[in-house]
Structures are given as C-alpha cells and as structure tokens.
Amino acid sequence: MSQRERTDAQKETGPGRAAAALKRTPQRLGDIALTTHESVYRALRNRILFGGFLPGSAVTLRGLAEDMGVSPMPIREAVRRLIAERALKMMDNRRVLIPPMTEEAFEQIIFCRKTLEPELASRAMDRIGPAEIKGIVSHDRAVDRAMAIGDVEGYMQANYRFHFAIYERARADTLLALVESIWLQFGPFMRMAYGRWGTSSLEDQHQAAIAALERQDRKALKAAIAADISQGMNFIGEGILKRGP
C-alpha cells in the first residue's frame, strides 16, 4: 500500500474520520440545544400566560427543571428571557416569581393595551375575510364553552386565541411583540379575577368586534376592542388592586 493509500485509509477509519465526526457533532448538538431551549421557553411562557403560575408563589430553578423534565440549563435561559420581558422576577434566594402588580404598572398596562391593541385590530381588518372571521368566531365560542363549565385555563387560552387571531393579521411584528409581552404581565392576574369575570353579565364585546369585522367598520372594531380591554382590566383592578381602571 502506498503512502497516499494509507493516508486515505486513515481518513476513512482512523483519526481523520474521528476528527471529522467531532467537528460535525457540536453542530448537531447545537441544533438540538437550541430546539430544547426554545421549547422550554415557550412551555414556561404559556404557563405564565394562561395562569399556571399564580402571583405570590415562588419556585426554584431546580424545581422548574424537575417539573418539566429537563436540565437546569434551558430553564435558566428561559427564565432569563422571561425576566427581560417582565414576566418573572428573580429573588435573592434564586427563586423566581410573578412580579407583584402595582398601581403604576397596572395603569401603564392599561395605557399600552388601549393604545396598541385597537391599532393592531384596525390594521388587521383589511386582511380578515369570511374564512378568518369563521376562525375568530370559533375561538369566541370556545370562550363561552369554557366559561360555562368553569374551565379557567381553557377560557384564558381561547380568549388569547380570539384576540391574537385578529392582531396577527395586522402584519405589524413590532407592535405584536409588545402586546405579547404586555399579556405576559397581566395574564397571571387575569386568572385570579376569573371568578368575577366568569359570572358577569356585561355586554359581550367579542360579539361586537365580530360584527364590526363582518361589516368592515374600523371605528366600531377599535371601540369594541377598547371596551373589551376596559372590562377585563376592570375586573383585574377590582380583584387585585380593589379599584377599576
């Protein structure tokens, strides 16, 4: 066997092949790690958004990792991102919790919601036709079903889907990201106020929004979204801060 043949054989079976495999492995592991980090972040985010974390209850990073069946590393990364989004707060003892709702934060959340969400709905209206309205109506019916049987998480998920089925059609990614961050900040408190909201007999602003979409009435759509925000935040304000917006 010639020197060249021996060299080629080493590349296929010896150190050369092993080195090539090692070069490829970090890329594959990196892809897996990124996927795991993102899935853990989204799962933790949904817990916060739909009332899986109640305000005032602190948890450890290790406890979260054990509960979700993952290593602490993706939990730390997910918590870091959620802290940046103001959805979680890190305590001195390495525990995390939902930041408490203050008067100042509450007023700013209301301002942001009433400013951004009607605008997103308005921008979305021209891209919402009969097919999209059918989907929005199905989410509203899911809201009603969840309320009828006292399914808190089902209600919160259906309510979120109703709103974002409209907002996502706006094609305004920056505004949408801001609104998603705001929902993370008040979501846990919505669950606490659900008992009052679920038994209310106030006008159904979802139906008003759907009717506005059907007749392409931009002004009425914005008014319905703003009124829906006022109703929901009023229940949170009365339940958490003992006041209305």
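Let's see how each residue does on (1) hydroxyl-bearing (Ser, Thr, Tyr); (2) surrounded by fewer than 19 Cβ atoms within 10 Å (Cβ to Cβ); (3) within 19 Å of residue 110 (Cα to Cα); (4) assigned by TED's automatic domain parsing to the domain that holds residue 48:
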site: 137; (1), (2), (3), (4): no, yes, no, no
site: 149; (1), (2), (3), (4): no, yes, no, no
site: 156; (1), (2), (3), (4): no, no, yes, no
site: 172; (1), (2), (3), (4): no, yes, no, no
site: 187; (1), (2), (3), (4): no, no, yes, no
site: 227; (1), (2), (3), (4): no, yes, yes, no
site: 230; (1), (2), (3), (4): yes, yes, yes, no
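With the condition kept exactly as written, say whether any residue in the stretch 15-33 is touching a helix residue (DSSP H, G or I) at 6+ places or on another chain (Cβ under 9 Å), assigned to a helix (DSSP H, G or I) and modelled with pLDDT of 50 or more.
The answer is no; no qualifying residue exists.
For the stretch 160-170, which positions are free of Cβ contacts under 8 Å to residues at least 40 places away in the same chain and surrounded by fewer than 19 Cβ atoms within 10 Å (Cβ to Cβ)?
The first filter runs over the stretch 160-170 and keeps only residues free of Cβ contacts under 8 Å to residues at least 40 places away in the same chain, leaving 161, 164-165.
161, 164 - these are the residues of the stretch 160-170 that are free of Cβ contacts under 8 Å to residues at least 40 places away in the same chain and surrounded by fewer than 19 Cβ atoms within 10 Å (Cβ to Cβ).
Taking the condition of being more than 15 Å from residue 39 (Cβ to Cβ), out of contact with any helix residue (DSSP H, G or I) (no Cβ under 7 Å at 6 or more places or on another chain) and part of a helix (DSSP H, G or I), how many residues in the stretch 59-80 meet it?
Residues flagged as more than 15 Å from residue 39 (Cβ to Cβ), out of contact with any helix residue (DSSP H, G or I) (no Cβ under 7 Å at 6 or more places or on another chain) and part of a helix (DSSP H, G or I) within the stretch 59-80 amount to 3.
Give me a count of the residues in the stretch 80-124 that are closer than 21 Å to residue 235 by Cβ and polar (S, T, N, Q).
Number satisfying all stated conditions: 3.
For the subset of the stretch 90-110 comprising residues that are among the aliphatic types (A, V, I, L, M) and touching a residue at least 60 places away in the same chain (Cβ under 8 Å), which member is nearest to residue 56 (Cα to Cα)?
Once the filter is applied, the top-ranked residue is 98.
How do the pairs read when you match residues in the stretch 74-89 that are in contact (Cβ under 8 Å) with a residue 12 or more places away in the chain with residues anywhere that are among the charged types (D, E, K, R), using Cβ under 7 Å and keeping only pairs 6 or more apart or on different chains?
82/45; 83/89
Restrict the check to the stretch 49-57 and report whether at least one residue is outside the structural domain of residue 185 (by TED's automatic domain parsing) and at pLDDT 90 or above.
At the first step, the residues of the stretch 49-57 found to be outside the structural domain of residue 185 (by TED's automatic domain parsing) are 49-57.
Now narrow it down to the ones that are at pLDDT 90 or above: 49-50.
Checking the stretch 49-57: at least one residue is outside the structural domain of residue 185 (by TED's automatic domain parsing) and at pLDDT 90 or above.
The values are calculated or read from the model by the stated rules, or taken from the named source; none is laboratory data. Just so we're clear, the structure is a prediction, and the values are computed from it rather than from any experiment. All Cβ positions, glycine included, derive from the backbone under ideal geometry; neighbour counts span all protein chains shown.
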